[in-house]
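Written below as structure tokens is the structure these notes are about.
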Amino acid sequence: MQASEAIVKILEKEGITDAFGIPGAGINCLYKYLEKAPIKHYLMRHEEAAVHAADGYYRAAGKPALAICTSGPGATNFVTGLYTAWQDSIPLIAITGQAVTAQLGKGAFQCVNIAEIVKTVCKKSWCVTNANTIPTVFREAFETALSGRPGPVLIDLPLDVQMANIEFDINEYTLSKIKTTKPSKASIEKTVKLLDEAKNPVIIMGGGVILAHAEKELVQFAEYMGIPVITTYMAKGGIPVDHPLNAGQAGIQVGAASSGNEVFLGADVVLGIGCRFTDRHTGNSVIYQGERKFIHIDIDPNELGKIIKTELGIIADAADAVPMLLEAARTAGKVRTRQHPSFAEMRKKFIHYPDSNKKVMDPREVFEVINQAFDDETQYTTGCGITQIWSGQYQRINKPRKYFPSGGAGTLGYDIPAAIGAVAGSKGKKTACLIGDFGFTFLVEEIAVAAVYKMPVIVLIINNAYLGLIRQNQNKAFNYEYEVRMEYNKGVMDYVKVAEGFACKAERVFTYPELEKALKNAIAAQGPYVIDIVVEDTTYCDMGNDIAHINHF
């Protein structure tokens, strides 16, 4: 059997049903067998977008997709997508074509050592030089991507390896096995004891809880213990907005306009599950640490104690740890009651309600209009910049696995292709893409993909004609402003024509009534829709250097 045929059969058996990519001379042998496989292929317009789409697909579907492209610059365009997925612990399988093995290291046309280049931005990479090792490599790739802290992997395939004949029977192929790490019963019981003894405990739900599908039981545990839940940005939607124990988000940017920081600062014992305590969450780690005791449960042993000193560190998958916590709490035989402030009332002071008397729309108020327009089944993507921060602060998400941001990398251009992947992964759910006017020009060509496949991707451009977040940093940190103003984005730059040129419906709006009507049009549309929302130029976003000192604007 030709190696390429064996690879496609392995992908099929391992559960790959969707692929995002661009064919090329270095990978065409493999594409020959993809054509007849029960794997839906989406032709992207840029290789980076193929990885972002596979990323968004996993977040919506809960299973990996394939990102595939040719050699040389096609392969190097994968790097940013792999880094984005790596930072947010998103597993996917990336395959790149390569020159024949005899040309490796000799400067041949479109021959680059991609397996070496991506080592720091994915869990593992291989350049397969022996076709007979393909079954072993692919099994290990799936196990690596999905075991422990999940993440992307890359397999580089020289053309002669793709074309080689090997002895292979798919019926004898052994499926990959996901390896998990379970916590000890003693460590779980100690966790419950520390929380019981605390005066003001708090639970931090991290993105790892969402990836593990453990959010429902974690909320039940919080209810049984009577403990407020703070979500990280990556766990947005893990607990309904109006749940009485939802204390909001914490963080120096996306958590700034929230009650989460205030609740956290009053805590004496903190249980963090599936979170990494990264800088945009903690800010100044000395202030964040304070005199608090931390219990940290994470699947990655490298995260324990890396940033925050822990009273108790537990290596475990949230899928295993959370049910054990709930069982331990129930075994104690009592439901805990604690007095808390009304988090719903605390949240109200951070809501910006639309003011029709304003001549120009306030971008923060725009998000309240968006909240009212979409239902809880709507999916969202967002990439980087001030629009992402406003989205994180003001969008109300009531269900898990509906909000898909580029969290750790902050990647401009992630938004639209990730939305395409999310639509594919959810079998057609409406997906709103929140993006700035500058960010829209990154990978904008991917809206053509949404048009071709008639995908309900709704692109919402928050057009302030500025590099808003960079302007805020220049003004507030360095007292200057340079190369951040783009007034032409509200004038001669016509994003409606851009969208229509890619076969998408589009309109530009200036008022709240126009926006409300446009959103109804977009929701009713059968395919992609772009709305250019012209907002006030110089609105800042709330943020600070540490969670105790947030600047509110």
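The values are calculated or read from the model by the stated rules, or taken from the named source; none is laboratory data. Here the structure is a predicted model, which means the values were calculated and not measured. Don't worry about glycine lacking a Cβ; one is built from the backbone with ideal geometry, like all the others, and counts go over all protein chains shown.
Can you go through T80, T84 and tell me which one is of a type outside the set (D, E, K, R), farther than 20 Å from R401 by Cβ and crowded, with 18+ Cβ neighbours inside 10 Å?
Details: T84 fails: farther than 20 Å from R401 by Cβ.
Exactly one of T80, T84 is of a type outside the set (D, E, K, R), farther than 20 Å from R401 by Cβ and crowded, with 18+ Cβ neighbours inside 10 Å, namely T80.
Of everything in segment 181-208, what is within 13 Å of I273 (Cβ to Cβ) and touching a Gly at 6+ places or on another chain (Cβ under 7 Å)? Give them in sequence order.
Across segment 181-208, the qualifying residues are I204, M205, G206, G207, G208.
For segment 81-115, name all the residues that are of a type in the set (F, W, Y) and closer than 18 Å to A60 by Cα.
At the first step, the residues of segment 81-115 found to be of a type in the set (F, W, Y) are 83, 86, 109.
Answer for segment 81-115, where residues must be of a type in the set (F, W, Y) and closer than 18 Å to A60 by Cα: just W86.
For segment 326-351, enumerate the residues that are surrounded by 13 or more Cβ atoms within 10 Å (Cβ to Cβ) and in contact with a Pro (Cβ under 9 Å, 6 or more places away or on another chain).
So the first thing to find is which residues in segment 326-351 are surrounded by 13 or more Cβ atoms within 10 Å (Cβ to Cβ), and the list is 326-330, 332, 336, 338, 340-341, 343-344, 346-347, 350-351.
Residues satisfying the conditions are R338, H340, F343, A344.
Going by what's in this entry, would K402 be described as under 14 Å from the mean Cα position of the chain (by Cα) and either polar (S, T, N, Q) or closer than 30 Å to I90 by Cβ (or both)?
On the way: under 14 Å from the mean Cα position of the chain (by Cα): yes; either polar (S, T, N, Q) or closer than 30 Å to I90 by Cβ (or both): yes.
Here the answer is yes, as K402 does meet what is asked.
What helices (runs of 4 or more DSSP H), lying completely within segment 178-255, carry at least 2 residues that are in contact with a helix residue (DSSP H, G or I) (Cβ under 7 Å, 6 or more places away or on another chain), within 14 Å of R336 (Cβ to Cβ) and touching a residue at least 40 places away in the same chain (Cβ under 8 Å)? Step through it out loud before you land on a result.
Details: elements: 185-197, 207-211, 215-225.
Those helices (runs of 4 or more DSSP H) span 185-197, 215-225.
Quick check on segment 409-417. Is at least one of its residues in contact with a strand residue (DSSP E or B) (Cβ under 8 Å, 6 or more places away or on another chain), among the aromatic types (F, W, Y), assigned to a strand (DSSP E or B) and on the phi < 0 side of the Ramachandran plot?
no
Here are some residues: P354, P341, P363. Which one is closer than 30 Å to K190 by Cβ and either assigned by TED's automatic domain parsing to the domain that holds V192 or of a type outside the set (F, W, Y) (or both)? Step through it out loud before you land on a result.
Numbers: P354 fails: closer than 30 Å to K190 by Cβ; P363 fails: closer than 30 Å to K190 by Cβ.
That would be P341, the only listed residue that is closer than 30 Å to K190 by Cβ and either assigned by TED's automatic domain parsing to the domain that holds V192 or of a type outside the set (F, W, Y) (or both).
Go through (1) without any contact (Cβ under 8 Å) to a residue 60 or more places away in the chain; (2) closer than 26 Å to D537 by Cα; (3) not β-branched (V, I, T) for Q388 and report which single condition fails.
(1)
Please give the helices (runs of 4 or more DSSP H) falling wholly within segment 424-499 in which 2 or more residues are touching an Asp or Glu at 6+ places or on another chain (Cβ under 9 Å) and more than 25 Å from T17 (Cβ to Cβ).
437-440, 468-473
Could you count how many residues in segment 311-337 are modelled with pLDDT under 90 and either in a loop (DSSP other than H, G, I, E, B) or under 31 Å from the mean Cα position of the chain (by Cα) (or both)?
Count: 6.
Do we find that T411 is surrounded by fewer than 17 Cβ atoms within 10 Å (Cβ to Cβ), of a type in the set (S, T, Y) and either in contact (Cβ under 8 Å) with a residue 24 or more places away in the chain or not assigned by TED's automatic domain parsing to the domain that holds T539 (or both) in this structure?
Working: surrounded by fewer than 17 Cβ atoms within 10 Å (Cβ to Cβ): no; of a type in the set (S, T, Y): yes; either in contact (Cβ under 8 Å) with a residue 24 or more places away in the chain or not assigned by TED's automatic domain parsing to the domain that holds T539 (or both): yes.
Spelling it out, it is not the case that T411 is surrounded by fewer than 17 Cβ atoms within 10 Å (Cβ to Cβ), of a type in the set (S, T, Y) and either in contact (Cβ under 8 Å) with a residue 24 or more places away in the chain or not assigned by TED's automatic domain parsing to the domain that holds T539 (or both).
Out of G266, G238, report the one residue that is outside the structural domain of I547 (by TED's automatic domain parsing), under 23 Å from the mean Cα position of the chain (by Cα) and at pLDDT 95 or above. Spell out how you get there, then give the answer.
Values: G266 fails: under 23 Å from the mean Cα position of the chain (by Cα).
Being outside the structural domain of I547 (by TED's automatic domain parsing), under 23 Å from the mean Cα position of the chain (by Cα) and at pLDDT 95 or above holds for just one of G266, G238, which is G238.
Just need a number here: residues in segment 103-141 that are at pLDDT 95 or above and surrounded by fewer than 16 Cβ atoms within 10 Å (Cβ to Cβ).
Residues flagged as at pLDDT 95 or above and surrounded by fewer than 16 Cβ atoms within 10 Å (Cβ to Cβ) within segment 103-141 amount to 9.
Mind listing just one residue for me: the one in segment 352-397 that is among the aromatic types (F, W, Y) and in a loop (DSSP other than H, G, I, E, B) and, of those, surrounded by the fewest Cβ atoms within 10 Å (Cβ to Cβ)? Give the derivation first.
Looking only at segment 352-397, we keep the residues that are among the aromatic types (F, W, Y), and these are 353, 367, 374, 380, 390, 394.
Among the residues that remain, those that are also in a loop (DSSP other than H, G, I, E, B) are: 353, 374.
Values: Y353: 10, F374: 19.
Among those that are among the aromatic types (F, W, Y) and in a loop (DSSP other than H, G, I, E, B), it is Y353.
Need the failing condition index for G544 against (1) closer than 30 Å to F20 by Cα; (2) in a strand (DSSP E or B), just the number.
(1)
Quick grid of which residues meet (1) crowded, with 18+ Cβ neighbours inside 10 Å; (2) farther than 17 Å from A451 by Cβ; (3) free of Cβ contacts under 8 Å to residues at least 40 places away in the same chain:
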{"site": "K490", "(1), (2), (3)": "yes, yes, no"}
{"site": "E500", "(1), (2), (3)": "no, no, yes"}
{"site": "Y512", "(1), (2), (3)": "yes, yes, no"}
{"site": "A525", "(1), (2), (3)": "no, no, no"}
{"site": "T538", "(1), (2), (3)": "no, yes, no"}
{"site": "I547", "(1), (2), (3)": "yes, yes, no"}
{"site": "F553", "(1), (2), (3)": "no, yes, yes"}
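Out of the residues in segment 398-408 meeting the condition of being part of a loop (DSSP other than H, G, I, E, B) and in contact with a Phe, Trp or Tyr (Cβ under 9 Å, 6 or more places away or on another chain), tell me which one is farthest from I550 (Cα to Cα).
The initial filter retains those residues of segment 398-408 that are part of a loop (DSSP other than H, G, I, E, B), namely 398-402, 406-408.
Narrowing the set further to residues that are in contact with a Phe, Trp or Tyr (Cβ under 9 Å, 6 or more places away or on another chain) leaves 402, 406-408.
On the way: K402: 27, S406: 23, G407: 20, G408: 21 Å.
For segment 398-408, the residue satisfying everything is K402.
Within segment 116-156, count every residue that is of a type outside the set (G, A, S) and not in a helix (DSSP H, G or I).
Of the residues in that region, 16 qualify.
Would you say I416 is of a type in the set (V, I, T) and more than 18 Å from H41 (Cα to Cα)? Even if it seems obvious, please write down each step before you answer.
On the way: of a type in the set (V, I, T): yes; more than 18 Å from H41 (Cα to Cα): no.
Criteria not met by I416.
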